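Student: I have a structure I would like to understand better, so I am pasting it below and will then ask my questions one at a time.
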Amino acid sequence: MYELMEKLFPICRSITGNGVRQTLSILKEEIPLSIFEVPTGTKVFDWEIPREWNIRDAYIIDPEGNKIVDFKQNNLHVVGYSTPIDRDISLEELQQHLYSLENQPTAIPYVTSYYKERWGFCLTHHQRQKLKEGTYHVYIDSELKEGNLTYGEVIIPGETNKEVFLSTYICHPSMANNELSGPVMATQLIKWLLQQKQRYTYRIVFIPETIGSITYLSKHLLHLKEHVIAGYNISCVGDERAFSYLPSRQGDTLSDRVALHVLKHKHPKFVHYSFLDRGSDERQYCSPGVDLPIASIMRTKFGHYPEYHTSLDNLQLVTASGLQGCYDVFVECIKLIEKNDYYQVNCLCEPQLGKRGLYPTISTKETSAQVRTMMNVLAYSDGKRDLIEIAETIEESAKNILPIIEKLLEARVIQNLNNGVLK
Amino acid sequence: MYELMEKLFPICRSITGNGVRQTLSILKEEIPLSIFEVPTGTKVFDWEIPREWNIRDAYIIDPEGNKIVDFKQNNLHVVGYSTPIDRDISLEELQQHLYSLENQPTAIPYVTSYYKERWGFCLTHHQRQKLKEGTYHVYIDSELKEGNLTYGEVIIPGETNKEVFLSTYICHPSMANNELSGPVMATQLIKWLLQQKQRYTYRIVFIPETIGSITYLSKHLLHLKEHVIAGYNISCVGDERAFSYLPSRQGDTLSDRVALHVLKHKHPKFVHYSFLDRGSDERQYCSPGVDLPIASIMRTKFGHYPEYHTSLDNLQLVTASGLQGCYDVFVECIKLIEKNDYYQVNCLCEPQLGKRGLYPTISTKETSAQVRTMMNVLAYSDGKRDLIEIAETIEESAKNILPIIEKLLEARVIQNLNNGVLK
Amino acid sequence: MYELMEKLFPICRSITGNGVRQTLSILKEEIPLSIFEVPTGTKVFDWEIPREWNIRDAYIIDPEGNKIVDFKQNNLHVVGYSTPIDRDISLEELQQHLYSLENQPTAIPYVTSYYKERWGFCLTHHQRQKLKEGTYHVYIDSELKEGNLTYGEVIIPGETNKEVFLSTYICHPSMANNELSGPVMATQLIKWLLQQKQRYTYRIVFIPETIGSITYLSKHLLHLKEHVIAGYNISCVGDERAFSYLPSRQGDTLSDRVALHVLKHKHPKFVHYSFLDRGSDERQYCSPGVDLPIASIMRTKFGHYPEYHTSLDNLQLVTASGLQGCYDVFVECIKLIEKNDYYQVNCLCEPQLGKRGLYPTISTKETSAQVRTMMNVLAYSDGKRDLIEIAETIEESAKNILPIIEKLLEARVIQNLNNGVLK
């Protein structure tokens, strides 16, 4: 994952344009990605696909002739969707087009202006403070024209047409946690999913944030509402600090129950956010009337780490082990979603486990923890509780009781009532 | 309010009689009050209207000929509903008819005996301790005879016949917080309500406590059960110490939800009582089978301040600012009841606020609190939550989000689904 | 109770055999017990009645000819269901058949092997450590043969065929709290129940644990599911340390509500276990599909006191006053179950208690606690709450409000709506 991220890092992405195309084309070398384009002007619910933006170069020349702010050194230096410009300008006028962060003086901020035409440059506050009076030359070689919004999609068919939906975005320039950690995580999950047969169909999309998810929903809403049983928005999954959970708007969907159960057992110190803290595509997936069961599992949440939306969100912030830790959580969640069935004991009263070699033949003062857990699984395999609820009730991790359930199924002591999804 | 209270203070009220008539007639100068009389002997549920009680004078003459306890100085000196008497009496016998408070030796207690004939005097414990052996003369010029129970009613028609019901009582003699604060508050609210068009019809009653509310319910129960959507009992609303909330028996009616929301945001240190702490007409309004949605908002609750039911509950205890503070709470509650509708966003996914000038055109690192609140209102305007629930969910005061809702309605981003009350 | 326990203590009980028969025959001298036998090999749900085990004698002779472990001194010395043996044996081989507790070196542990044939001896760890090399003689004069499982039953008919079910076990050898406290408590409750007419029918069983309850359920399940409205498993009810409550699997049955209410008021420091802490016949009574409303009220719970399942669980651990304390709880629970009806006030608004002599005729500053409780009972006698819920709502013990309810019934202020059980 980390290598792929290094490869994708330098590209200047935005919500439209060649940066997105280039990113998707690199991902297509890894996974069977279908790529779609939606023309400028297409109505998508309350929105409209904007013009396509591309940029070749941009810089500021100082009064002494030095190139002091250079898009080619860091693509965050230009305000996203800046209109072209090529002229001399006084420092006073220039200041009105500059963006810096006073309390993070070494960071270049990330700024965009998608829906109003303007131009601007971003720079560190230290650099800004050094600017002297005089005439500057500003140059932005960009283009805003009729074009397309581009996104990618992978569909992995399962035994059933019920779907698990994963969404990540590909619209930020060179930032690592709040951009690339998402697509590389999704790519890795796709590779893993392709290695085995799944019960559910998996739909994974790589889209520009907000306008992309709105576009995708406008094309697929009815299908998604009918088929999606669970899913996650994948964003900010690569640093090593926290684990975070942000619920779906409804808060108690399968996605929520699984994510909470896994995080509680695997990373009990995870931060539990409210839907009021949302900020990414869950805003669309969970909006009234859309109401898909989409929750978010993150490392440190967007907006909650100082490097967020600045040049400091770089390849040092995200680590291979940060990515791996979150990948393990997603894999465990998916495994649980796949196995979350209802189980029922096959006889009245406790089954006699002893005659099946599942219970000690001698009764002494103590019962082993494993035997207790097995007895507890049996006590709550009443056909009314799914795996997650059994696990929550007996205060065990679902991961640990799955092998016990396998043993009990094999011994025909319980049966799998399925979950109503498979016919 | 305070001036009106001063005017009403000296009158000797009881559950029947000329004190009540005089009080209602003063209120009628202020508001369009209808006055009703119900004859002695009328059956009202399990009760019967008692005989009417009037008193002209009462005093005790001590062995030395001094008038030592004088009704004309303080009408609390006579036990309410005392039968007439005019005779000499030993101190020993007199003591059996005296009431004082050992642990509040400077207070004249308030004592009544509505349903059993007796006579008695109330005095400070200090005064009682000074009584010497000898022959006293007791004189009570009162009358208990067939007559009427008197009460007042104001009905302010609204756009709909659904009603908000306010009740206050007018049966205590010269006491300020636990009596007059209620009727003057109700009077002021009526004046305010008369100044504008309301959605709901307002029904406000001025009744003697217990027997009055039982009488009123016996005449109007079916109408009230069909029409009343919210309401409050108004009592003890004038001191400056606490704010108190006493729920309806059901506990989660619109009246409760509104009162709790307003108090939580406006006076977060308010005291939250249980229905087990009830003591005024909510006992009748919320009794089994009656079950009206009546809660109570008070300053310091009856029974919970030392001056309660004594001569110390006087015009010093209640202040203009104490009354005003509670008046503001009632006004805010009524405004919320009037506006408590269901709202629904008009499109799927987030509406594009930017094109309507409701969202910043440039995206930097931070979102303003106001924009977040607007986005939160939109996220929960799902047609299933009323204003109070939206406010509770997004952890904002309903008062603060009402202007945002107005803006969103005006921009046609949301619609008002109403609340099912208006046709 | 304590005397009966002393009489039963020496008998060597197991899940089948003459120890059980002898125990039931002693109980039959006290109560009208019906005794049943179920033959070896009978299928009971997933189980089968095992062969019957009887033992006459057992001991170990040490190399010097001393009888060092003697069944006749303590019947815990033999592993329950040991097969017969009579031979010389090396210490090394003997060790594989010995059971002792390293961390309770003065206790003989209680060990059984019902469903796998083996033999063994239990002894204190101190004694085991003193064993020297040499040849030992082991002798067990036991018999495992086709026979019967024996259990007892008492049915006390009530006014209705709805039943309260009590279950206790009689399958442990000489142990006091975790065995005999149960049957002597059940015996005492039967004697008390026989002294008066009850509304409900009482069914009390004396069975071997696990196999006995499974056997009983296999014969009576449909009847029990249709008729049992509440019940308790009676085990570990005789020491003086704690009070404990272990809920039914469902957790909110009448048995649970009554037990919790009584313990909360009578022994507020009781230990509240989870169904995950179960271990006795509630495992069968509450298993999925059986789901009887059976909770457990105990003194110190099985498995939670050091003497449990050892020779230290003796007649010193259980005391007459320990038994009496728990007996009082059971009696109060049964009385509450008998009286747990729905009550409804007979008029709208508060009834006028004064005219019935139930309310003070003079109104002063304070209301007595008793009057308040009566008013609270009335406020919640809405026909929708049973006695337990009224008591919980008004924060009083049901025991204390029962006399108030009697008074209100007598005064015809409320009526008993019954609880749907009696026709």
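Student: For label points placed 7 Å from Cα toward Cβ, what is the shortest-first list of nm distances from B:K399 to its copies?
Tutor: Distances to the matching label points in the other copies: 5.0, 5.0 nm.
Student: Could I have the simple spin-label model distance between C:E30 and A:K335, label points 7 Å from Cα toward Cβ, reported in nm to one decimal?
Tutor: 5.5
Student: Just grab the label-to-label distance for C:L91 and B:R356, each label 7 Å out from Cα along the Cβ direction, in nm (one decimal).
Tutor: Roughly 9.2 nm, to one decimal.
Student: A further question follows. At 4 °C and 1.567 mPa s, what whole-number value in µm²/s does Stokes-Einstein give for the translational diffusion of segment C:3-50, with Rh from the Kirkwood sum over Cα pairs? Mind showing how you got there, number by number?
Tutor: On the way: Rh = 12.3 Å.
Diffusion coefficient, whole number: 106 µm²/s.
Student: Which is farthest toward the positive dipole end of segment A:342-418 among A:L417, A:I401, A:L348, measuring Cα position about the Cα centre, with Cβ charges +1 (Lys, Arg) and -1 (Asp, Glu)?
Tutor: It is A:L348.
Student: Chain C: which residue's Cβ hugs the C-to-B rotation axis most tightly, distance rounded to whole Å?
Tutor: Per the Cβ-to-axis criterion, the result reads C:D252, 12.
Student: Okay, next question. Starting from the 7 Å offset along Cα-to-Cβ, what nm value, one decimal, do you get for the label separation of A:E146 and B:K269?
Tutor: Spacing of the two 7 Å Cα→Cβ label points: 6.7 nm.
Student: A further question follows. Test of understanding: in a Gaussian network model of chain C with alpha carbons linked when under 10 Å, which of C:E52, C:E29, C:E396 would top the mean-square fluctuation ranking?
Tutor: Highest fluctuation among the options: C:E29.
Student: Placing a label point 7 Å from Cα toward Cβ, how far apart in nm is A:I26 from its equivalents in the other copies, listed shortest first to one decimal?
Tutor: Going from nearest to farthest copy, the values are 8.4, 8.5 nm.
Student: Let me ask something additional. Mind checking the mean number of beta-carbon atoms from other chains within 10 Å of the Cβ atoms in A:373-384?
Tutor: So the per-residue partner count for this stretch is 3.
Student: Rounded to whole Å, give me the distance from the Cα center of segment C:345-408 to that of segment C:20-58.
Tutor: Their Cα centres are 52 Å away from one another.
Student: In a solvent-free Debye calculation with one equal scatterer on each Cα, what is log10 I(q)/I(0) for segment C:224-304 at q = 0.15 Å⁻¹, listed in the order of the q values?
Tutor: -0.47
Student: How large is ³J(HN,Hα), in whole Hz, for each residue of segment B:66-80 in order, when computed from phi with the Karplus curve 6.51 cos²θ - 1.76 cosθ + 1.60 and θ = phi - 60°, using x for Gly and Pro?
Tutor: 8, 6, 9, 10, 10, 3, 6, 7, 7, 5, 6, 5, 9, 4, x
Student: Can you list, shortest first in nanometers, how far B:Q127 lies from the same residue in the other copies, with each label 7 Å from Cα toward Cβ?
Tutor: 8.8, 8.9
Student: With unit charges on the beta carbon (Lys/Arg positive, Asp/Glu negative), name the residue among B:S218, C:Q127, A:A107 whose Cα is farthest towards the positive pole of the charge dipole of the protein assembly as shown.
Tutor: B:S218
Student: May I ask for the angle, rounded to the nearest 10°, between helix A:181-194 and the longest principal axis of chain A, with both axes built from Cα atoms and the value confined to 0 to 90°?
Tutor: The helix A:181-194 is inclined about 40 degrees to chain A.
Student: Could you tell me the convex hull volume per residue, in Å³, taken over the Cα atoms of the protein assembly as shown?
Tutor: 254
Student: Give the calculated FRET efficiency between C:R241 and C:K116 to the nearest 0.05, with a Förster radius of 41 Å applied to their Cβ-Cβ distance.
Tutor: Between C:R241 and C:K116 the formula returns 0.75.
Student: Using a Debye calculation, one point per C-alpha and no hydration shell, please list log10 I(q)/I(0) for segment B:53-145 at q = 0.21, 0.25 Å⁻¹ in order.
Tutor: The Debye formula, applied to the Cα set alone, gives -1.03, -1.43.
Student: How big is the charge dipole of segment C:279-377 about its Cα centre, in debye rounded to the nearest 20, if each Lys and Arg gets +1 on its Cβ and each Asp and Glu gets -1 on its Cβ?
Tutor: Value, rounded to 20: 540 debye.
Student: Given the C-alpha atoms of segment B:152-202, compute the convex hull and give its volume per residue in Å³.
Tutor: For segment B:152-202, the hull spanned by Cα atoms encloses 68 Å³ per residue.
Student: Over the Cα atoms, compute the radius of gyration (one decimal) and Dmax (the largest Cα-Cα distance, rounded to a whole number) for segment C:289-363, in Å.
Tutor: For segment C:289-363, the Cα-based Rg and Dmax read 22.9, 66 Å.
Student: Summing -39500 (n - 2.57) over the DSSP H runs of n ≥ 4 in chain A and dividing by its residue number, what mean residue ellipticity at 222 nm do you reach, to the nearest 500 deg cm²/dmol?
Tutor: Helix-only estimate at 222 nm: -9000 deg cm²/dmol.
Student: Could you give the angle, 0 to 90 degrees to the nearest 10, between helix A:211-227's Cα long axis and the longest principal axis of the Cα atoms of chain A?
Tutor: The angle comes out at about 20 degrees.
Student: Would you mind telling me which residue in C:K365, C:K162, C:K355 has the biggest mean-square fluctuation in a Gaussian network model of chain C, where springs connect alpha carbons within a distance under 10 angstrom?
Tutor: C:K365
Student: Considering the dipole of segment A:49-98 built from charges on the beta carbon (Lys and Arg +1, Asp and Glu -1) around the Cα centre, which of A:H77, A:L91, A:N54 is farthest to its positive end?
Tutor: A:N54
Student: Here's a follow-up. Using the crude model of +1 on Lys and Arg Cβ and -1 on Asp and Glu Cβ, and no other charge, please compute the dipole size for segment C:52-145 relative to its Cα centre, in debye to 20. Kindly include the intermediate steps, with their values, before the conclusion.
Tutor: Numbers: 10 positive and 14 negative charges, 46 e Å.
So the dipole magnitude of segment C:52-145 works out to roughly 220 debye.
Student: Taking a ≥ b ≥ c as the square roots of the eigenvalues of the Cα gyration tensor of segment C:78-126, is the shape rounded (a/c under 1.5), prolate (a/b larger than b/c) or oblate?
Tutor: Cα axes put segment C:78-126 in the oblate bin.
Student: Enter the mean projected area of the convex hull around the alpha-carbon atoms of segment C:342-418, in nm², rounded to one decimal.
Tutor: Working: hull surface 19.8 nm².
Convex hull of Cα atoms, orientation-averaged projection: 4.9 nm².
Student: Give a residue-ordered list of calculated ³J(HN,Hα) values for segment C:328-340 (Karplus: 6.51 cos²θ - 1.76 cosθ + 1.60, θ = phi - 60°; whole Hz; x for Gly, Pro).
Tutor: Per-residue couplings from phi come out as 4, 5, 4, 4, 5, 4, 5, 4, 5, 4, 5, 9, 7 Hz.
Student: Using 1/(1 + (r/R0)^6) with R0 = 30 angstrom and r between the beta carbons of C:N400 and C:E226, what's the FRET efficiency to the nearest 0.05? Please list the in-between numbers first.
Tutor: Values: r = 34 Å, r/R0 = 1.14.
Efficiency, rounded to the nearest 0.05: 0.30.
Student: A further question follows. Quick one: divide the alpha-carbon radius of gyration of chain C by 2.2 N^0.38 Å and tell me what you get.
Tutor: 1.17
Student: Please list the three semi-axes, largest first and in whole Å, of the ellipsoid equivalent to segment B:1-98, using sqrt of 5 times the eigenvalues of its alpha carbon gyration tensor.
Tutor: Over the Cα atoms of segment B:1-98, the ellipsoid semi-axes are 31, 20, 9 Å.
Read-outs: derived from the displayed coordinates by stated rules, not from any lab. All of these numbers come straight from a predicted model, not from anything done at the bench. Ideal geometry is used to build each Cβ from the backbone, glycine not excepted, and the neighbour counts take in all protein chains shown.
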